[in-house]
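Presented below is the structure to which this report refers.
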Amino acid sequence: MTHLLEVENLNVRFALRFGDLTAIDGISFHLDRKEKLGIVGESGAGKSVTGFAIINLLSKPGYIAGGRIRFEGREIHRLSAEALRQIRGNRISMIFQDPMMTLNPVLTIGTQMVETVRAHRRVSKAEARTLALEKLQKVYIPSPEKRLDQYPHEMSGGMRQRIVIAIALLTDPALIIADEPTTALDVTIQAGIMELLGELCATEEMGLILITHDLAVVSQVTERIAVMYAGQIIETGSTAEIVARPRHPYTIGLINSLPGTRRAGSRLEQIPGMMPVLTAIPEGCAFHPRCFLAAPECRAARPDLTPVNGARQWAACHRLDQTAQPNLLKDSTSRP
Amino acid sequence: MNAWRRLRKSYFLYSFRRDPVALASFAIFFFLVLVSLFAPVIAPHNPYDTSTIDVMDAEIPPAWMAGGDARFWLGTDIQGRDLYSTMLYGLRTSVAIGIGAVLFQGILGIVVGLTAGYAGGRVDSFLMRVADIQFSIPYLIVAIITSAIFQLAFGLGRFEQLAMPLLIVIIGISEWPKYARTVRASVLGEKQKEYVEAARVIGLNPARIMYRHILPNTLTPVLVISTIQVAQAVMSEAALSFLGLGMPVTKPSLGSLIKAGFQYVFSGSWWITTFPGMLLVTFTLVVILFGDWLRDVLNPKLYKG
Amino acid sequence: MFAFIVRRVLQAIVVMGVIAFIGFSVQHSIGDPVRDMVGERVSLAEREAIRDQLGLNDPVPIQFGRFCWKALHGDLGISYFHKRPALDVILSKAPATLELVFGATVIILVFCFPVGIYTAIRPRAWLSRFVMAVSTVGVAVPVFLTAIVLIYIFGVELRWLPTYGRGETVALGGWDTGLLTADGLLHLILPSVALSSIMLPLYIRLIRSEMMEVLETEYIKFAWAKGLSRWRIWLLHAFKNTLLPVITVFGVEIGILFAFTLLTETVFQWQGMGFMFLEAVERSDTALLVAYLVVVGVMFVVINTLVDICYGLVNPMVRVAGNP
């Protein structure tokens, strides 16, 4: 059976003067309509690069060095520029991180919405405008008629992100990739946007890839997650299972560092050390220098994703026997 | 010694070594400055020594051409001077005027900029208004009109005698606002910082704070614009001399050589203008390239305007 | 806003006063109006009488006041050489210079945008590298050398284009124009190209760097992600954002073009204001020189004041249009 999106062994590199750097090192995942997948990791883990690779819009000097991305049965990186253009913004829409930067400052909202429709549908400007109005209502923008003639800077950040979402919805895409859609927004607005995305995913029958560093956000919205570290997926599976019983030491560290898991007033946990830079990814398991369970074999060989917990969950760790112990989570009772 | 070691290890020198354009342009610049310094030693003839010049030798083509003379490998100009020697002396004059003018405008601009930036208030707004107003008139217009006035005021003979110092003053006057603005902008930036506050709190006097503490910190942008300004000043000198408002033909500079040969280009004596022209372009080009590199490496926040 | 305009105009008046004072001092200390009027063959006593008559023995402030008063009425003295009012001489030469600036501006506008955009979107193409190399060298080549090379190639060797003077001109009211005759237009080509060579490289580099900066922004990336056509992204989304900073600089630099007309006019024997000015200096025609100084000074003050006021007026709108 074919999924809406299948990523197989994806490898992304950056061609630099002194040689290539591997940013994404053989990751695989898949997604269906109405399904919501979260990709989680620290900055530099390769989350955003994954998102841009899916629509083949890597910034130079990045390029897809290997693997396959199949969307609706077609291989993305074999498509012509024109075929690819017809997929971007049409079948796959993207939502960027900072709504302050995403919209063109010198064009009205109306122009930016109408042009998107007309890039993919043979409709008149008036029809495109009607469609734009409809989508603005869908994302709960008050007085949408007025908004169409306004410039981005006349609106708040939350409002702009809703408009970006409306733009993403214009062509009824099959897949939305949201790259940190709430990071730049006030906390009070974040929840509303997330709720909206989840809701739309169901009503519009779209697949959603939510890229974020915020495990709490992902656990509220998505059904499945993939945790990335240094360009690899190190743990993946159903969100509920992973949040309840993480098996990779890195995921355990991430969950322990969530503020919600600790008593008020106590110190927040943190994972010691920093994510390695691409030029200096350690041999073996990339996480071993920061890992509290590191053993000699972790230095020697890279672990593969292994099914655990009845294959509802996969983790890439040599010490899975150790990570099964429930007491590794600091406070498993107070978690939502 | 310590400073030298620090320089050798610095990013500055590292990126300099790695950039072939910067290396080459600096090498050529350095070479040309050396040549102009030692022009009297290198040049086979002395263009100022009228006794060795023979008008019969005028307009001899370069040595490799038919009718060339082995004594004059780049040929001679219309007065019969050896073009190669005259160019060396001309470069010397141009470089001297260029550097002199930059020093002049630099000192003027730095003093004004420091005073304006440090004093603030009315002094600042008055000085900067003056700078703004002059800045709004192109420097070349200012330079041309100033030298025209000087020429009439001094009379042509006296102007030609004093041409070099006068040109330094003229080009200096036409360009000082650039320094004043740059220095003022960085003084305003530095003034905010804690160390100036600290110096004031311990009771150092303002002049001392200004020259010992703020000035050194504004030198990076000054250095960067100075390189480009040298190229600009050399080009201004050439432009003024070409218009007949700069160095007289009897005192060769690159500009006056180009002017002198200009009428003869189309009658066949192309070399009199071409060689000085090429030398001028080479000199300004390497200075500009080196200046661009310097700006990219030091990357100060230059005052745009 | 009104207060801003008033302040700006007042400031302009002060500057014009300063320019008038410089002009006056030049005339007062260098010029010799008596010689200008009656030549040199007049006895000392007669000269003194004329001086009295002209008020040249009056106190300096009164003379300055008279100078300003006359200047306000368009009287900037009589040109010694042309035996005509200096202002008339200048105004009769103005069309030539303005047409030269116009020609160069047209060339710059026609070429800088397509070339700047091309080098920005194809920075690695050999043509872009070539253009950038040429424009780097172009900045270092003085305009008179460019002009000489142009004359040599197109005038002397190929004999395609005329190399001096304005050619046939047509009087259009008080305006002597070369733009309406084929001959006049042919004569305009080389001087305009030479003059444009001074600013064209700078503009190409400016547009290129601004555009490259814009192309790196998030909103351009988002435009790609929306599946827009490349031309719409380049020519609307990116270019419109490039335009604002470029226009700001453009206004300022037109003045620099004017400065370089002096060099261009000299090489091409173009009978404009610059050519006239240099002749005036050669002939020690003080009245004409002073008149030129005052006219050019006033011109720049007026232009700058207008630009400032326009910018002040536009600025809130620019903010509305979304210039951050």
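The values are calculated or read from the model by the stated rules, or taken from the named source; none is laboratory data. Small disclaimer: the values here were computed from a predicted structure and weren't measured. Positions of Cβ are backbone-derived with ideal geometry, glycine not excepted, and every protein chain shown enters the neighbour counts.
Among all positions in region B:135-150, there is at least one residue which is surrounded by fewer than 19 Cβ atoms within 10 Å (Cβ to Cβ) and closer than 15 Å to residue C:256 by Cβ.
This table checks each residue for (1) in contact (Cβ under 8 Å) with a residue 40 or more places away in the chain; (2) farther than 21 Å from residue B:31 by Cβ; (3) touching a strand residue (DSSP E or B) at 6+ places or on another chain (Cβ under 8 Å); (4) more than 7 Å from chain C (Cβ to nearest Cβ).
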residue	(1), (2), (3), (4)
B:259	no, yes, no, yes
B:264	yes, yes, no, yes
B:273	no, yes, no, no
B:282	yes, no, no, yes
B:295	yes, yes, no, yes
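Screening B:285, B:280 for residues that are surrounded by fewer than 22 Cβ atoms within 10 Å (Cβ to Cβ) and under 16 Å from the mean Cα position of the chain (by Cα) leaves exactly one candidate, B:285. In region A:141-157, the condition of being touching a residue at least 12 places away in the same chain (Cβ under 8 Å), touching a Phe, Trp or Tyr at 6+ places or on another chain (Cβ under 8 Å) and at the interface with chain C (Cβ under 9 Å from one of its Cβ atoms) is met by no residue. Considering the conditions (1) in contact with a strand residue (DSSP E or B) (Cβ under 8 Å, 6 or more places away or on another chain); (2) within 28 Å of residue A:313 (Cα to Cα); (3) modelled with pLDDT under 90; (4) crowded, with 17+ Cβ neighbours inside 10 Å, residue A:97 is excluded by exactly one of them, (2).
Scanning region C:292-304 for residues that are of a type in the set (A, V, I, L, M, F, W, C) and either part of a loop (DSSP other than H, G, I, E, B) or facing chain B (nearest Cβ under 9 Å) (or both) turns up C:293, C:296, C:300, C:301, C:303. Only a single criterion out of (1) part of a helix (DSSP H, G or I); (2) under 27 Å from the mean Cα position of the chain (by Cα) is not satisfied by residue B:252, namely (1).
Regarding residue B:156, is this residue touching a Gly at 6+ places or on another chain (Cβ under 6 Å) and surrounded by fewer than 19 Cβ atoms within 10 Å (Cβ to Cβ)? No; evaluated as a whole, the condition is false for this residue. I'd like to check something: does region B:110-119 contain any residue that is under 27 Å from residue C:295 (Cα atoms) and under 22 Å from the mean Cα position of the chain (by Cα)? Taking every residue of region B:110-119 in turn, none turns out to be under 27 Å from residue C:295 (Cα atoms) and under 22 Å from the mean Cα position of the chain (by Cα).
Looking across region A:53-110 at every residue that is among the basic types (Lys, Arg) and away from chain C (no Cβ under 11 Å), the one that is farthest from residue C:226 (Cα to Cα) is identified as A:68.
Residues of region A:111-122 that are more than 8 Å from chain C (Cβ to nearest Cβ) and either charged (D, E, K, R) or in a loop (DSSP other than H, G, I, E, B) (or both): A:118, A:121, A:122. For region B:111-143, filtering for residues that are among the polar types (S, T, N, Q) and under 30 Å from residue B:246 (Cα atoms) leaves 2. Identify all residues within region C:46-78 that are more than 17 Å from residue C:26 (Cβ to Cβ), within 27 Å of the chain's Cα centre (by Cα) and part of a loop (DSSP other than H, G, I, E, B); write none if there are none. Residues satisfying the conditions are C:73, C:74.
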